[in-house]
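Undergrad: Below is the structure I would like to discuss, written out as C-alpha coordinates.
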Amino acid sequence: MPRLERADLRANRIGDGGIKALSVALATDGTAPRLETLNLSSNMAPAPSLGEASHALAVVEPLTRIFLPR
(Lines give C-alpha, C1' and ligand atoms only; values in the text may rest on other atoms or scores of the structure.)
Protein backbone atom coordinates (compact mmCIF):
# COMPACT_ATOMS: atom_id res chain seq x y z
CA MET A 1 0.00 0.00 0.00
CA PRO A 2 2.74 2.46 -0.86
CA ARG A 3 0.34 5.24 -1.90
CA LEU A 4 -2.13 4.97 0.99
CA GLU A 5 -2.34 8.30 2.84
CA ARG A 6 -5.69 7.95 4.64
CA ALA A 7 -7.43 4.84 5.92
CA ASP A 8 -11.01 5.31 7.10
CA LEU A 9 -12.00 2.06 8.80
CA ARG A 10 -14.60 3.49 11.16
CA ALA A 11 -17.70 1.50 12.04
CA ASN A 12 -16.45 -1.80 10.62
CA ARG A 13 -16.97 -3.85 13.79
CA ILE A 14 -13.22 -4.43 14.07
CA GLY A 15 -12.52 -6.22 17.33
CA ASP A 16 -9.49 -6.94 19.49
CA GLY A 17 -7.74 -9.34 17.11
CA GLY A 18 -8.37 -7.19 14.06
CA ILE A 19 -7.00 -4.03 15.66
CA LYS A 20 -3.87 -5.89 16.80
CA ALA A 21 -3.30 -7.51 13.39
CA LEU A 22 -3.82 -4.21 11.56
CA SER A 23 -1.42 -2.40 13.88
CA VAL A 24 1.31 -4.99 13.43
CA ALA A 25 0.85 -4.96 9.66
CA LEU A 26 0.97 -1.17 9.40
CA ALA A 27 3.99 -0.94 11.70
CA THR A 28 5.98 -3.23 9.39
CA ASP A 29 8.58 -1.26 7.42
CA GLY A 30 7.34 -0.21 4.01
CA THR A 31 3.73 -1.38 4.41
CA ALA A 32 2.17 2.09 4.31
CA PRO A 33 5.01 4.61 4.10
CA ARG A 34 2.72 7.57 3.37
CA LEU A 35 -0.08 6.85 5.85
CA GLU A 36 -0.97 10.10 7.62
CA THR A 37 -4.46 9.44 8.99
CA LEU A 38 -5.98 6.26 10.41
CA ASN A 39 -9.61 6.31 11.55
CA LEU A 40 -10.63 3.34 13.70
CA SER A 41 -13.48 5.09 15.54
CA SER A 42 -16.80 3.32 16.17
CA ASN A 43 -15.24 -0.14 16.23
CA MET A 44 -15.44 -2.81 18.92
CA ALA A 45 -11.88 -3.12 20.24
CA PRO A 46 -11.36 -2.99 24.02
CA ALA A 47 -9.13 -0.37 25.63
CA PRO A 48 -6.07 -2.64 26.20
CA SER A 49 -5.76 -3.50 22.50
CA LEU A 50 -6.12 0.18 21.59
CA GLY A 51 -3.19 0.99 23.86
CA GLU A 52 -1.12 -1.71 22.21
CA ALA A 53 -2.14 -0.41 18.80
CA SER A 54 -1.09 3.14 19.59
CA HIS A 55 2.35 1.92 20.72
CA ALA A 56 2.78 -0.24 17.61
CA LEU A 57 1.70 2.58 15.31
CA ALA A 58 4.07 5.09 16.92
CA VAL A 59 6.79 3.88 14.55
CA VAL A 60 4.81 4.88 11.44
CA GLU A 61 6.54 8.21 10.89
CA PRO A 62 4.10 10.13 8.67
CA LEU A 63 1.11 9.02 10.80
CA THR A 64 -0.05 12.19 12.52
CA ARG A 65 -3.73 11.46 13.24
CA ILE A 66 -5.27 8.35 14.77
CA PHE A 67 -8.95 8.24 15.63
CA LEU A 68 -9.76 5.47 18.12
CA PRO A 69 -13.05 4.17 19.57
CA ARG A 70 -14.22 5.90 22.74
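The values are calculated or read from the model by the stated rules, or taken from the named source; none is laboratory data. All of these numbers come straight from a predicted model, not from anything done at the bench. Cβ atoms come from the backbone with ideal geometry, glycine included; neighbour counts cover every protein chain shown. Surface areas here come from the heavy atoms of the whole protein model, side chains and all, with no ligands, DNA or RNA. Shrake-Rupley method; radii C 1.70, N 1.55, O 1.52, S 1.80 Å.
Undergrad: Can you give the convex hull volume of the alpha carbon atoms of the chain per residue, in Å³?
TA: 68 Å³
Undergrad: Calculate for the chain the 222 nm mean residue ellipticity that helices alone would give, adding -39,500 (n - 2.57) per DSSP H run of length 4 or more and normalising by residue count, nearest 500 deg cm²/dmol.
TA: Value at 222 nm, helices only: -10000 deg cm²/dmol.
Undergrad: Could you please state how large a percent of the accessible area of the chain is carbon and sulfur, counting protein chains only and using a 1.4 Å probe?
TA: Of all accessible area on the chain, carbon and sulfur atoms account for 53 percent.
Undergrad: Using the Karplus curve 6.51 cos²θ - 1.76 cosθ + 1.60 with θ = phi - 60°, what ³J(HN,Hα) values do you get for each residue of segment 27-37, in whole Hz, with x for Gly and Pro?
TA: With the stated coefficients, segment 27-37 comes to 7, 6, 3, x, 5, 9, x, 10, 5, 10, 10 Hz.
Undergrad: Residues of the chain: accessible area per residue at 1.4 Å, in Å²?
TA: The answer is 65 Å² per residue.
Undergrad: Mind listing the phi-derived Karplus ³J(HN,Hα) values for segment 55-70, rounded to whole Hz, using 6.51, -1.76 and 1.60 with θ = phi - 60°, and x for any glycine or proline?
TA: 5, 5, 7, 4, 7, 7, 3, x, 5, 10, 9, 10, 9, 10, x, 7
Undergrad: Around PRO62, with a cut-off of 10 angstrom between Cβ atoms, what is the net charge of the other residues, counting Lys and Arg +1 and Asp and Glu -1?
TA: That works out to -2.
Undergrad: Highest mean first, how do 22-29, 8-15 rank when packing is the count of other Cβ atoms within 10 Å averaged over residues?
TA: By packing density, highest mean first, the sequence is 22-29, 8-15.
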